[in-house]
Amino acid sequence: MIQFYYAYQPIIDFFLLSVGFGYSQQIALRAGVFSIATAGFAAIGAYTVAILVTKSGFPIAASVVLGMVIAGVGGLLLSLPLARLRGAFQAIATLAFVQIVISLLLYAEDFTGGALGVTGIPRVMNTGILLVIVAVVMYVMWSIGRTGLGRIFDALRQEESVAASLGVNIGRYHALAFILSGAVGGLFGGLQSLYVFQIEPHNFGFAFMVNVLTVVILGGRTTLLGPIMGAAIMAILPELARPLAEYRPAVNGVILILVITFLPNGVGDEIVFWFRRRRHAAAAANRAQAKEAKDAVTSS
Amino acid sequence: MLSQQILNGLVTGSVYALFSLGFTLIFGVQKLLNFAHGATFMAGAFIAYYCTISGLPFLLAIGFSMVATGVIAILVDLIAFRSLRKRGNAEFPALVSSIGVDLILVSIAQQVSKTQVLNFPFGTFPVKFYTFMGLRISLLQLVILATVAVLVALLIFYLKKTTFGRQVRAVATNERAAALLGVNAQSVYLQTFFIAGALAGLAGVLIGLLFNSMQFLMGEPYMLRAFVVVVIGGLGSVPGAIVASLMLGVMQSLTVAYLPSGLTDAIIFALLFVVLLIRPNGLFGDANAVAGGTRQ
Amino acid sequence: MLNVKDLHVSYKGIKALRGVSLHVEEGEMVALIGSNGAGKSTLLNALSNAVRRKAGEIVFGGRETRGLNPHAVARQGLLHVPEGRQILADMSVYENLLVGQIALGRRTTRYTLDHVYELFPVLEERRDQIAGTLSGGQQQMLAIGRALMGGPELLLLDEPSLGLSPLITDQVFDALTRLNEEGLTVLLVEQNALRALEATSRAYVLDRGLITHEGPSAELAGDQTIIESYLGA
Amino acid sequence: EEYKMVILQSLTGGAAFIGKNVADGAAMAADELNANGFFGEGNSLVYEVADDATDRTQTLSLITRLAADEDVLIVMGPTSGSVALAGANVANEREFPVITTTNSMEVIENGPWSFILTQPADVTIPYIADFTAQTLGAKNCAIIGVKDNEAYVALQRKYEDLIQAQGVNLASVDGVALADSDFSALATKIATSEQDCVFIGTPAAQGANLVIQLRQAGLDPSIPILGHNAFASPTFIEKGGAAVENVYLMGAWVPGGYDDFSSAFSTNFEAKTGIPADEWHAVGYSGMQVIANAIKDAVAAGAVTREGVRDALGTQTDIPVVMGEGTYSYDEHRVPHFGMKVLQVKDGAFAVVGE
Amino acid sequence: MPSLHLEGVSKHFGGLKAVDDITMVVPPGEITGLIGPNGAGKSTVVNMISGVLSLTHGDIRLDGTSIATDRSDIVARRGVSRTFQNIRLLPEATVLENVLIGFHRREHAGVVANLLGLPAALREDRAFRERAHSLLDRFGLDEYADTEAGNLAYGHQRRVEMARAIASEPDIVLLDEPVAGMNDVESDELATIFRELANSGMGLLLIEHNVGFVTRLCKQVYVLDSGRMIASGDPHEVTRDPKVVAAYIGTSKH
Ligand SMILES: Nc1ncnc2c1ncn2[C@@H]1O[C@H](COP(=O)(O)OP(=O)(O)OP(=O)(O)O)[C@@H](O)[C@H]1O
Ligand SMILES: Nc1ncnc2c1ncn2[C@@H]1O[C@H](COP(=O)(O)OP(=O)(O)OP(=O)(O)O)[C@@H](O)[C@H]1O
Ligand SMILES: [Mg+2]
Ligand SMILES: [Mg+2]
């Protein structure tokens, strides 16, 4: 067991990090915001921490919090111009945001190290801390899901005009989704930079975006279990296919297609839905039984 | 130099147009982003290359490659989209499955090319330059501009003057209703994917020729640009995609020429951002189509 | 013309049709009535193959339609005006009508654009309006007109009077009667049950996925249980 | 005895054009060494080839796993960039020797367990920078670099510093992305501006392509074009054709070889794989020679442990290799030295300048 | 309880005067009818009141204050809710969840309470659930509580929309053809509910083509034709008005 953990620890840690990024992405998608800005938020968080910690000796915990706040504010600022955009247009605008962040990181060399990035970030993250932080984020996500907030997000996603007709201030809740997505993305960006020793703009590019989206879509866009399953698959997939060496991407491709074709809502969501359906069926059966009993009483 | 740079931009932009047209067509008919389009484009270049070096006349090689990429695109549809479409709500799952197909195609190409950069043998296409009014333009550039113009005209004709365009729009708006009216959605998909694939394939060959370089990852940067072009042009809009492609080509040329090169991307994307803020549905976007269509 | 035997349809385990048999003869106009959730729309969808049947036979014009795609069924002349109209919202009125023509294929029909415009003059007036911005009733007319353009042999109508003003409802029913007299076969699902029974010669009553009554419309209209459940006081 | 090691390179992903070739060269060297009985009767080097996928996540987990396998003595890899650095970091944490392909000093500085295989810019760039400023006497140079790869950026920056220190002015500095192939705008810009030298710091195929596009844009043929060691690949001439005639470059590898050892490698490699050997193949082949010698020394010292191999590796000097001056040595700071040559493309082949 | 006043309201689409200078009142505790031919402008009126469409001219006042320029969510929060002629539900959400968002206007727990799952938020949520169930009961939908709304029959979907619209106990409810797709027996069930709502003080604006239904329920009926108000008053009189008969009802069967 210990041996296993020792050998697979980075996989576990990366899994936890991508669960975090997954939630950042999921909040946006859940609220009907087709944002792919998580990469940009992660970059903001990561660079904030990296620069503060390596260049100014700022306390580590404080810099993580600061990175999270800055990314959250970034989310808020981004939501303002994006209020008029929807769907793919939003996606492209957020893509533009990410590209601008990356270009600026490459350009502001004196400050960010350009293409070389920032190195020598102390590696203070470990599985334990990550677990605790992921648990906290999960608790918040869970709370969203069981209170009115989750329902409002669901309403915004499925039919905005209905939400508005019931008094939901669309702009405000989209902004909230952006802020949360930004804060969670920034938080895990910061944690990541405290884990990998070195960061560079490239870590947050197109591949990052595609990866985070894949985690959420493959895992599930609405349930707590979604990003966990998605991140687990994405972490294990390369290991499963490792013996195939250069053919590995192809095998990964085949697996992605198979999984999403058979479980189009994502693995996690499908599991949760299955249990939900069973519960509902049982409840319906109960109701029917109760009704029958009542009918029997009244008719006799 | 300004006019020379604009010319360069137009040539590049017209190849973007070929690439993006297929992309926008697919989006137009089924509202799905096809991540495998870049790989199809790359496949076009690769197939033409291997045909050429195994002795096929170049024009034949291009033709063969276009047919082959058309078929590849149809396969992409069958493998990645078809079953998801049937269940409805495919927007996001289709993203993942087309990424899957992309991985497969790229991986095959990597094996075939042994990760090497390929280029058409010298002399595949005559290198000739013409100069008029101080502008240098190569025969190849002229041919590309002409080809793109002709193909775009043909495509617009096909969409506007046959019932195909109407069928595409009907399927795009409401596939179920269209089916009840006798529209064969399957055949509409087949045709759009074939056209999209063939155009992407041709774009791949032309890019390969023009810039003398083909490589298994060559599709990626073009995907990114195609996203941008298609959205800025207005999703599903053919004229929008063309105008946006040319604009992007020229913009890129000019930023490289006149602005600090490190900031090219930042500037281009900032401009895109601004375009979207001014026109939230893209340049040629139909406000009605995006804002939810039907009223109460 | 249409023969349905022991049709079953389920949605994820929910049995929506539990063995429905019915027939529609050439030139007939037949009504199908039933409460909300009885399975009327499900039945029409099954007839046009828009939903998959679990079991049963559907023979249209002498051919079993099993395995045909909805568009192929439509091209044989079985046209379905679905519930909720399903107009092509982003396209103009005129384009909607032209799309309707696709079902015609190589067949011929007497229903031309002029014919449809004559039935529903407002469609000609609003020829170039985006269909999604038509009023509800106008959309309903468009949906019917569009189906006619496809040269129906059998027209399935799912609540054609939905959202129509009384005057237009009269016109639509008059038009249907006229079309029927000209030889069009119609299967009509209608919540305005009295109206439907008046307009048709025969009717079926569907309840929770089963046919509970069938017979001449006039007879059903006088049946006490039917009055109580569907016609009201 | 079996001495176990892992060749961990980018077989897929963005750095595959380096990693794949390094791995192929290294594997061939190991096979040859075993066939020649390099480790003595009954002993052999057992290697496994693994893929870092140019992906930091996968690399970290893989190195950690390898570190947990007591039998693995040393890893040759990962290939480059942040992947290499991250690999170095775990290696030092887990006390596990790695020798990454990159030339980045940060890998060495990361700790005693991480080595680099290629010479850092400090060692190599002076060859071509001095040539530019002194031999060519250039005064005003246009620079084109890769903006999104740290190794290329480092080389380019070093070059800029060195020539500026010798009084050369930078006419312009432009960056391209590794995935770019459309340089028409850049080429037009440079062809229409003033400079007396153009330096291109990109991979070979991209460089050839840039040169072609520069020529097509009408760059004055008398302006010398220079590149660094990445150009020392048959690919450069093959892709560049007539356009790259006269381009100056520096190379650790002279295609076709320049002495018995390197010529034999070149011939054997092409015979075996069907493609001509390039610089990265030679790096892999040479690197394996160094590693094999280190292991052999560790065996001789009776310390066939990770620590033993690491210590032996850091003291390797004058190992015959197929690149540079022909011998490979680590200095006291564990910085590799094997030399460079300034070359020029002449009649479709590389010629050593001044010979 | 407030009443809703429309004063000289017009809506033009390009050259088309969809609604042309109409004035009407929706008083509390009553059901007010709005009828007229297809395309007369009825839904347009609803859209203007609920803030989906802007007014070309005129003013709309709720209890004296203008809501003519308010966004739709603000109008809703001031106590005006609506149903849609072309049903709009959250198709993937269950029937229960569809009704639950109807309570949004009544939510008091703040964002932070929701994010942290504080007891206040959870208590509120439980209370809403109970009320939602009883609403479903009232509309005869209890057995569908856990069904995805998109999978309901048309008539049932209509009922979900109504339950959702009245969940937050608004002052004014705009019903755009609520009994379309229901037979007379089913309509009568809803008529009972509408009467109860009016009796509790709500003001209902009822748009219907079922003339019998309207005359039975409404105290006051307005008739629109091509955007203009052609008649208003007692339903029995209005429906006998020759202008109304000619434009809307027709002579044949009614
Ligand atoms: N897509 C679906 N998935 C699951 N169940 C469905 C689906 N469509 C319909 N149903 C169920 O099948 C039953 C019959 O529905 P159907 O729409 O056929 O009724 P209907 O008779 O047309 O009612 P209405 O008069 O309200 O239109 C209903 O209980 C409904 O909930
Ligand atoms: N966005 C728009 N652009 C152009 N015309 C429009 C638009 N919206 C509505 N109209 C037109 O305005 C008129 C009034 O439409 P409205 O939907 O209000 O009618 P209605 O009285 O509700 O009819 P119905 O009973 O059929 O639902 C119609 O002629 C319609 O075509
Ligand atoms: Mg129905
Ligand atoms: Mg209306």
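The values are calculated or read from the model by the stated rules, or taken from the named source; none is laboratory data. What you see is a predicted model, and the numbers here were worked out from it, not measured in a lab. Don't worry about glycine lacking a Cβ; one is built from the backbone with ideal geometry, like all the others, and counts go over all protein chains shown. Please note that ligands, DNA and RNA were not included when accessible areas were found on the heavy atoms of the full protein model with its side chains. Shrake-Rupley method; radii C 1.70, N 1.55, O 1.52, S 1.80 Å.
Worth pointing out:
- When the inverse distances between all different Cα atoms of the range E:89-169 are averaged and flipped, the Kirkwood radius reads 12.9 angstrom.
- Cys residues of the protein assembly as shown counted as unpaired, since no other Cys beta-carbon is under 4.7 Å: B:51, E:218
- For a straight C-alpha distance cut-off of 23 angstrom, the lysines reachable from residue E:17 (same-chain residues fewer than eight places away being disregarded) are E:42, E:243.
- Cα-derived Rg over Rh, computed across the range E:113-254 with Rh taken as Kirkwood radius: 1.08
- Segment residue A:109-residue A:62, length gained on full extension (0.36 nm per residue, minus Cα span): 14.5 nm
- A crude spin-label estimate for the pair residue A:240 and residue D:275, with each label 7 Å from Cα along the Cβ direction, gives 3.0 nm.
- Cross-link pairs C:5/C:40; D:239/D:272; B:114/D:272; B:86/B:161 - those with Cα-Cα distance over 20 Å: D:239/D:272; B:86/B:161
- Helices of chain D meeting both criteria, an alpha-carbon length of 24 angstrom or more along the long axis and an average Kyte-Doolittle score not below -1.0, with helices taken as full DSSP H segments, are D:16-35, D:279-300.
- The smallest convex shape that holds all Cα atoms of chain D, its convex hull, gives 120 Å³ per residue.
- Total charge dipole magnitude, the range B:1-154, about the Cα centre, Cβ charges on Lys, Arg, Asp, Glu only, Debye to nearest 20: 120
- When A and E come together, around 2800 square angstrom of accessible surface is lost from both chains combined, probe 1.4 Å.
- Extending 7 Å from Cα along the Cβ direction at residue C:26 and again at residue A:142 yields two label points whose distance is 6.9 nm.
- Using equal-weight Cα scatterers in the Debye expression, the normalised intensity of chain E in log10 at q = 0.11 Å⁻¹ is -0.60.
- Listing of the range C:77-121 residues, each with accessible area lower by at least 50 Å² in the full protein assembly than in the chain alone (probe 1.4 Å): C:86, C:88, C:90, C:91, C:99, C:102
- DSSP beta bridge pairing in chain E, given as percent antiparallel to the nearest 5: 55
- Solvent-accessible surface of the range B:2-294, averaged per residue with a 1.4 angstrom probe and all protein chains in place: 35 square angstrom.
- For the range A:73-178, the equivalent ellipsoid derived from the alpha-carbon gyration tensor has semi-axes of 33, 23, 9 Å in decreasing order.
- Grouping the Cα pair distances of the range D:209-314 into 10 Å bins from zero gives a pair-distance distribution of 13, 31, 24, 19, 8, 4, 0 percent in increasing distance order.
- Here r is the Cβ-Cβ distance between residue A:73 and residue A:6 and R0 is 51 Å; the resulting FRET efficiency, rounded to 0.05, is 0.80.
- Cα-projected label distance for residue B:71 with residue E:195, points at 7 Å along beta-carbon direction, nm: 7.3
- For the pair residue D:349 and residue D:135, a Förster radius of 22 Å applied to the C-beta separation gives a FRET efficiency near 0.60, rounded to the nearest 0.05.
- Straight-line cross-link partners of residue D:147 among the lysines, defined as a Cα under 16 Å from its Cα and at least 8 positions apart when in the same chain: D:158.
- Peptide B:263-272 has a mean shielding of 6, counted as Cβ atoms of other protein chains within 10 Å of each residue's Cβ.
- Between the range A:92-147 and the range D:220-273, the alpha-carbon centres lie 42 Å apart.
- Using every pair of separate Cα atoms, the Kirkwood estimate puts the hydrodynamic radius of the range A:151-300 at 19.3 angstrom.
- Counting Cα-Cα pairs of chain C in 10 Å increments starting at 0 gives whole-percent bin shares of 8, 34, 37, 19, 2.
- Spin-label proximity, residue B:131 to the range B:1-35 - amide N less than 16 Å from point 7 Å beyond Cα toward beta carbon: B:1-5
- When the protein assembly as shown is described by a simple charge dipole with +1 on each Lys and Arg Cβ and -1 on each Asp and Glu Cβ, the residue from D:219, B:214, B:226 located farthest towards its positive end is B:226.
- Proportion of all alpha-carbon pairs of the range D:1-146 beyond 25 Å (%): 37
- Computed on protein heavy atoms with a 1.4 Å probe, the accessible areas place E:222, D:248, A:8 in the order A:8, D:248, E:222, largest first.
- Ellipsoid semi-axes in whole angstrom, largest first, where each is sqrt(5λ) of the Cα gyration tensor of the protein assembly as shown: 67, 34, 29
- For the range E:1-128: span of alpha carbons on each principal axis (Å, largest first): 53, 34, 29
- Kirkwood Rh, angstrom, the range D:15-70 [1 / mean 1/r, Cα pairs]: 13.1
- Our Cα-only numbers for chain A put the radius of gyration and Dmax at 21.6, 88 Å.
- Backbone N within the range C:212-233 under 16 Å of label point (7 Å from residue C:59 Cα along the Cβ vector): none
- Packing-based order for B:17-28, B:137-148, using average beta carbon neighbours within 10 Å, highest first: B:17-28, B:137-148
- Along its three principal directions, the equivalent ellipsoid of the range D:129-288 from the Cα gyration tensor extends over semi-axes of 28, 17, 15 Å, largest first.
- Normalised by residue count, the range C:118-202 yields a Cα convex hull volume of 95 Å³ per residue.
- Taking all protein chains as they are arranged and a probe of 1.4 Å, the heavy atoms of residue B:112 leave approximately 80 Å² accessible to solvent.
- Against the compact-protein benchmark of 2.2 N^0.38 Å, the Cα-based radius of gyration of the range B:2-294 scales to 1.00.
- Residue C:108/residue B:164 FRET efficiency (R0 22 Å; Cβ-Cβ; nearest 0.05): 0.50
- 0 to 90° range, to nearest 10: angle between helix B:139-161 axis and chain B longest Cα axis: 10
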